[in-house]
Structure formats: C-alpha cells, structure tokens
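Each remark here refers to the structure printed beneath this line.
The values are calculated or read from the model by the stated rules, or taken from the named source; none is laboratory data. Keep in mind that this is a model prediction, so the values were computed, not measured. Reconstructed Cβ throughout: ideal geometry from the backbone, glycine too, with neighbour counts over all protein chains shown.
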Amino acid sequence: MDQTSVITATPWYRSLESTQWRALVAANLGWLFDGYENYALILTAGLALHQLLDVSQASLIPAYVGGLIAINVFGWGLGGMLGGVLADYIGRRRTMMLAILAYSLLTALSAFAWNWQSLAVMRFFVGLAIGSEWVTGASMVAELWPPHARGKGGGIMHCGIGIGSFLAALVWLGVGTLGPDAWRYLYLTGVLPALLTLWIRRGVPESPLWERAREQRRAARQQRRSGMVLAKEESALTRFTVVDLFAEPGVRRRLIVSLLMVLSTVVAWWGVSSWIPPYVGSVAGKTGLIATQWIALAGMTYNAVGVVGYVSIGFLTDRFGRKPVTMTFFLMSLVMNLVLFLGAWSPQALLIVVGVHGFFTLGLWAWATIWLPELFPTRMRATAMAFVFNAPRLVAAMGPLVAGALIVMLGGMGVAAAIVGSFYALGLVMTPFLPETRGMTLPDRV
C-alpha cells in the first residue's frame, strides 16, 4: 500500500521506537568500522608497499597498489554474497556480530605483514569479513523502520562508512608522520570494533520480519517432508535462496537491472576513489606543500562532505522518490569526476572540488541501502541484496588494476581516472527500469 499520501503532524523522528533507533545505531557503527578498515588501506597502501617491496620496484608501486585494492575488493565481493545467505538463514543480528568480530581481528593481524604477498592475503580475508556486514545492517534497518522514514534510515545508516573513512584519515593525520611503520599502527587500531559485538548481542533486536520468514520456511519444509503438495509461495520458501533469485521473472528482472546499476557504481568508484588523496598530494607537492598532510586533508574533506551526501540522498528519496534522485546522483557523479581530474586547480581549490565530488560519488552508494530492500521479498531479501551489492565487485576488482595500469601507461592520474569514472553512465541509463517504491511496505512476494 502506498503511504506517501498519509499526513501526520508528528515529526518523523518521534514516530520511531527505541528498538528501531538501536538497530540503526548498530548498523551505522558496523558500517562505520567497515569504512575505517577499508579507508585505512587506501591511505596507507603506497607507504606499506614502499616498505614491503624492493627499491628496484618503486616505479611499479601504482600497479601494486591497484592489485592490493583489487584483492581486497574481490574478497569483499565473495564475503558479501556469503553474508547475505547467512543473514537469510541464521539471522541479521548474528551475521552482523560474526562479520564485525572477524574484520576487527583480521585488520589488526594485517599490521604484521612481512611482504606484499602476506599483506595481500590478509587484506583478502579482511575483505571477506567486511563484505558480510553491510547486508545485515541494511536489511535490518529496512525491516524495522516504517515506510515513511525508511529512506532516511537507509541514508543515515550508510553515512557510517563516510564517518569511518573520515576517522581513518584523521587518525592517519596523527600517526602518518611516525615513520615507515606508521601504516602498521593504523591497522592495529582496527581491533577496536570487536567491542561493539558485546553491545549488539545485548541491546539490538532481531528483525521480526526475518523471524516470521524463518518460521514460514520451517513450516513449508515440514509440509514437504510430510508429503503435502505445496502452493507456489510455500514451494518458494523451500528453495535455496540463491536458486530462488533466478526462479521468478519478476525477481530476475529487478536483479539484473539493479546489478548493472551497482556494477556502474562499484567500477567507477573503486577505479577512481583510491587515487583522489594521492592526486591531491601530488598537486600540493608540486607547489612546495607537504604531500602527506594534503593526502590526509583530501581524505578528510572527501569523506566529511560524503557523509552529508549519504544522509541527503535518504531525505531526498523520501521526498522526491527513489528514481529521480538516484538518476541525479549518477549524472552528477559522472560530471564531477571529469571536473576533478581534468580541471587545472590549485591545491586549495582542489579541496573544494573534492568535497563536491564526495557529496555525489559517496552519497550515490546509499541508493542501494535505501532501494534494494524494497525490491525483493523477505525470504530472500538479504541474499538478493548481497548478490546485487557484491557480485559486481568480482568484476570491479579490475577497476583499480586498470586504473593503476593506465596511470603507469599515461604517466599521470588525471586522464586515467577520468576514463574509468565514465562508467557512471551505465547506472544513469539503467535507473529508469526499476519500479518506484517510495512509501511502500516491504514486499513478501514479487
């Protein structure tokens, strides 16, 4: 039922219960620490590889950085899909706790890497754990929050990754001058999120929609074992969720369109974002400024304004609809990528451009947190969201590799990043093919 026409005098934030707010806080913090662990790699990959590689390989460091980030993204994709299946079978809350505990411990272990291969292996496993967390938080918030505020909840939840990335840049501003082992100190701080699991276990409820779907799945399986002929809906409940994704035409259509939209987002962002801080640092260095400080400032600016973008897209989609707002963010991401890398900017002006770029390119990510839960039924929601959000990463892992190779080939970051960032155009073209879902209740079937 479309509830967008319902008028209430109660502010949206007062219509929410404490359990709904606690679920949002847990999802936001889990995603915040994901952002911290991930951006720590982006900030430090170059410095770490300078220490872990032979001096004779210094000219190839951009390609190695691309490979390291690609390995992390590939692990994220695999882990994310696994996490979605787990969340549909063992619950949103339990999967979230396992993911946070795993990536906290593994990030700290990355600090003890002794060569680039060992760092790559550990970052692959960090990616596996990080990938599992988003789908649990996004599905939990969507299932607990009411339709009139669901977009806002999704945007606020997703801003956690921007806050985490900002914090990583802020910490790096302090520890980045501590010598060649500074990157190890930053990774060691990654163990702290493990403490969050203690609070989640005691203070965050499980999704009632998931609990109902679990009971329905158990009942359907019991009926099948007893020899009963199942109706279409009951039969769907007995299918493995991954198989269920491709069993119905309505689900398949939404799956393919949203998959291409995420592919556009992931390839363009991962192929470009890793190079923004070093690009700003290189421009600053040419004017006599301290490059490492400007790298940190660029990371902080990009992610601070990106947080505003995440939250804004949530409010905008609740006001104007999922489709027009998402199309606008795709278009502006495409435009700002060209403005950033092909313009001739002073370091100070470049920081302003980086902020606007971050508002749209980071804010764009939240479309998936807001819109995907509304496209798939509860029985397979986490599996579908995880597949759509993470499968493209297996392809997008090539983005940093391609960008790194182009930088080496073209002798600079600007044109290479502009080329890879043009992939935002695919998302802009595909968005109109998804249904508008603003204000609707979450579907039990499609």
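Remark: pairs (first residue in segment 252-276, crowded, with 24+ Cβ neighbours inside 10 Å; second residue charged (D, E, K, R); Cβ separation under 6 Å; 6+ apart in sequence or on different chains) = VAL266/ARG393.
Taking segment 76-107 as the range and being surrounded by fewer than 24 Cβ atoms within 10 Å (Cβ to Cβ) and β-branched (Val, Ile, Thr) as the test, the residues that pass are VAL85, ILE90.
Of all residues in segment 223-251, those satisfying the criterion of being among the charged types (D, E, K, R) and loosely packed, with under 14 Cβ neighbours inside 10 Å are ARG225, LYS232, GLU233. May I ask you to list the residues in segment 71-107 that are of a type in the set (Ser, Thr, Tyr) and more than 12 Å from GLU206 (Cα to Cα)? Scanning segment 71-107 gives TYR89, TYR103, SER104, THR107. Reported count of residues in segment 108-127, each being surrounded by fewer than 17 Cβ atoms within 10 Å (Cβ to Cβ) and touching a Leu at 6+ places or on another chain (Cβ under 8 Å), is 2. Of all residues in segment 353-371 being surrounded by fewer than 22 Cβ atoms within 10 Å (Cβ to Cβ) and out of contact with any Ser or Thr (no Cβ under 8 Å at 6 or more places or on another chain), which is nearest to GLY439 (Cα to Cα)? Going through the qualifying residues, I end up with VAL356.
Do any helices (runs of 4 or more DSSP H) entirely within segment 152-249 hold 3 or more residues that are touching an Asp or Glu at 6+ places or on another chain (Cβ under 9 Å), and if so, which? Helices (runs of 4 or more DSSP H) meeting the threshold: 208-225, 232-237. So which pairs qualify, if the first residue must be in segment 217-239 and free of Cβ contacts under 8 Å to residues at least 12 places away in the same chain, the second must be part of a helix (DSSP H, G or I), the Cβ gap must be under 7 Å, and the two must be at least 6 apart or on different chains? Qualifying pairs under 7 Å: GLN223/GLU234; LEU230/ALA220; LEU230/GLN223; LEU230/ARG224. Before we move on, is ALA344 closer than 23 Å to GLY299 by Cα, of a type in the set (A, V, I, L, M) and crowded, with 23+ Cβ neighbours inside 10 Å? It is false that ALA344 is closer than 23 Å to GLY299 by Cα, of a type in the set (A, V, I, L, M) and crowded, with 23+ Cβ neighbours inside 10 Å.
Cβ separations smaller than 9 Å between residues 6+ apart or across chains give the following pairs from segment 21-38 residues that are in contact (Cβ under 8 Å) with a residue 24 or more places away in the chain to residues that are assigned to a helix (DSSP H, G or I) and of a type in the set (Asp, Glu): ALA23/GLU143; ALA27/GLU133; GLY30/GLU133; TRP31/GLU133; PHE33/GLU133; ASP34/GLU133.
One residue is enough: does segment 46-61 have a residue meeting the conditions within 17 Å of the chain's Cα centre (by Cα), surrounded by 24 or more Cβ atoms within 10 Å (Cβ to Cβ) and in a helix (DSSP H, G or I)? No, segment 46-61 contains no residue that is within 17 Å of the chain's Cα centre (by Cα), surrounded by 24 or more Cβ atoms within 10 Å (Cβ to Cβ) and in a helix (DSSP H, G or I). Scan segment 350-398 for residues that are of a type in the set (A, V, I, L, M, F, W, C) and in a loop (DSSP other than H, G, I, E, B) and the total you get is 5. Please verify whether segment 240-250 includes one or more residues that are farther than 30 Å from PRO146 by Cα and at pLDDT 85 or above. No: segment 240-250 contains no residue that is farther than 30 Å from PRO146 by Cα and at pLDDT 85 or above.
Has segment 92-108 got any residue that is out of contact with any Lys or Arg (no Cβ under 6 Å at 6 or more places or on another chain) and more than 30 Å from ALA384 (Cα to Cα)?
Within segment 92-108, one or more residues are out of contact with any Lys or Arg (no Cβ under 6 Å at 6 or more places or on another chain) and more than 30 Å from ALA384 (Cα to Cα).
Scanning segment 309-326 for residues that are within 14 Å of ALA366 (Cβ to Cβ) and touching a Leu at 6+ places or on another chain (Cβ under 9 Å) returns GLY309, TYR310, ILE313, ARG322, VAL325, THR326.
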